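Below: one structure, written as structure tokens.
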Amino acid sequence: MVVSRDKTPSAQETFAQMAQAAGLRSRLLLTIGLLILVRLGIFIPVPGIDRVAFAQNIQNNQALGFLDLFAGGGLMALGIFALGILPFINASIILQLLTAAIPALEDLQKNEGEAGRRKISQVTRYVALGWAIIQSVGITVGLIKPFAENWGPFFVVQTVLALTAGSMFVMWAGEVITERGIGNGASLLIFLNIVSGLPRSLGQTIELAQGGDRNIVGGVIILLLVFLAMIVGIVFVQEGTRRIPIISARRQVGRRMYLEKSSYLPLRLNQGGVMPIIFASAVLTLPAFLTQVIKNQAFSQFISTYLSPTSWLHVVLYLVLIVFFSYFYSSLIVNPVDMAQNLKKMGASIPGIRPGRATSEYVERVINRLTFLGAIFLGLVATIPTAVESATRVPTFRGLGATSLLILVGVAIDTAKQIQTYVISQRYEGMVKQ
């Protein structure tokens, strides 16, 4: 196959490399194998529980049904992987907040290089373990107790150990996928859990449309068109970049004079990708979890009234959290001061902007504007499908548009880009060998 090293890999070349290149093929098989293993673990039941009665109770609870969407049905099935990757996500949120607040952790992340990042990863694992134990105890005491066949201390310890061990295995599988497979492990696990619920939602939607009600059929068509429009918008925003022109100064090497070269500094419109909406969704699941642990009628009534997924306060908090995590994640990914220093070291500058502090302030202003636009778009993606579902009275996709559409498209784009990166690396290796 003849390819150009300057062109993006075609679909034909990508599939050919996936089948022929040993390195890429082994990464792909490892990723698929671990995803299948994690999915199968959801259906291994925790012993000693009336799962039918428990599933019916979960179905009648909107907040827990929303949480079950990210568990891929594991919470409703009450398998040993019921917690899934959620404790690890919550631990990551906690550590990222602490990193911005504690100078020692910030120094580990920015100045210690790979060793510092490994230490932070290790701390994240310990926090995830503690959080998994807390969630396991809460689920066992708050949710499972009425449906347990032989309630007692031994049952509590057995169930907590099973759920915690299952969550730690899922976390390990995600890290292995990230290091030795294709894509981000945690994102792919969430992607798998969301996709697993699509056949059920599609089946329910088809059954609803076959009822013959013209309003329902029209609502389904409108909802599908909105989803298609949102997918196109997500792809556009995920790929959107602001190109800041930069000019390299003239330099002399020996007797040869190199003229100044112009290039650009790409800044993504949505720096955080899918992470702000994942973090915001994870934070908003905490009140529903607390209602099961704190047996207080007034507190439960307040949460169900004002913080249910369809309430206006939930929508407002959701938007605020998305904006907050967008700015927070952007500050972790891009540092304008470091960027200005690196440009100065390379002898490059932005036309019309003085090097140093003026450059960092200019870049920071651009990043803040881009982050604001990206956060507003994320908020629209999170709220418009839910509003359309309520208007069209088609509830079968409940929860999908509100939190999952961006995750599905974003993870698919990021994974496809990583596969293309491996294909390009294989292309260059082949050129070197020739």
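Table: residues versus (1) surrounded by 15 or more Cβ atoms within 10 Å (Cβ to Cβ); (2) β-branched (V, I, T); (3) within 22 Å of I133 (Cβ to Cβ).
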| position | (1), (2), (3) |
| --- | --- |
| L83 | yes, no, yes |
| N90 | yes, no, yes |
| Q96 | yes, no, yes |
| A104 | no, no, no |
| Q109 | yes, no, no |
| G116 | yes, no, no |
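Given the criteria of a type outside the set (V, I, T), in contact with a Pro (Cβ under 9 Å, 6 or more places away or on another chain) and either modelled with pLDDT under 80 or part of a helix (DSSP H, G or I) (or both), does A186 qualify? In short, no. Just to be sure, is S330 of a type outside the set (A, V, I, L, M), under 19 Å from E106 (Cβ atoms) and assigned to a helix (DSSP H, G or I)? Yes; evaluated as a whole, the condition is true for this residue. Taken over region 271-306, the criterion of being in a loop (DSSP other than H, G, I, E, B) and modelled with pLDDT of 75 or more is satisfied by Q271 alone.
Here the condition is being part of a helix (DSSP H, G or I), in contact with a strand residue (DSSP E or B) (Cβ under 9 Å, 6 or more places away or on another chain), not hydroxyl-bearing (S, T, Y) and not assigned by TED's automatic domain parsing to the domain that holds I190; of L267, L343, it holds for L343 alone.
Out of curiosity, is T371 under 23 Å from the mean Cα position of the chain (by Cα), under 26 Å from A101 (Cα atoms) and not aliphatic (A, V, I, L, M)? Yes; evaluated as a whole, the condition is true for this residue. When you check G233 against the structure, is it modelled with pLDDT under 75, assigned to a helix (DSSP H, G or I) and surrounded by 15 or more Cβ atoms within 10 Å (Cβ to Cβ), yes or no? It is false that G233 is modelled with pLDDT under 75, assigned to a helix (DSSP H, G or I) and surrounded by 15 or more Cβ atoms within 10 Å (Cβ to Cβ). Could you check, for region 155-167, whether at least one of its residues is out of contact with any Leu (no Cβ under 9 Å at 6 or more places or on another chain), more than 30 Å from Q418 (Cα to Cα), surrounded by fewer than 16 Cβ atoms within 10 Å (Cβ to Cβ) and among the aromatic types (F, W, Y)? No: zero hits. Looking only at region 137-145, decide whether some residue is on the phi > 0 side of the Ramachandran plot and surrounded by fewer than 16 Cβ atoms within 10 Å (Cβ to Cβ). No: zero hits.
Per the conditions (1) modelled with pLDDT under 85; (2) within 28 Å of the chain's Cα centre (by Cα), the sole criterion not satisfied by V141 is (2). Given the criteria at pLDDT 75 or above, touching a Gly at 6+ places or on another chain (Cβ under 6 Å) and within 17 Å of R125 (Cβ to Cβ), does L86 qualify? Criteria not met by L86.
The residues of region 149-183 that are in contact with a helix residue (DSSP H, G or I) (Cβ under 8 Å, 6 or more places away or on another chain), without any contact (Cβ under 8 Å) to a residue 60 or more places away in the chain and assigned to a loop (DSSP other than H, G, I, E, B) amount to a single one, W151.
The values are calculated or read from the model by the stated rules, or taken from the named source; none is laboratory data. Please read all numbers here as calculations on a predicted model, not as lab measurements. All Cβ positions, even for glycine, are placed from backbone atoms using ideal geometry, and neighbour counts span all protein chains on display.
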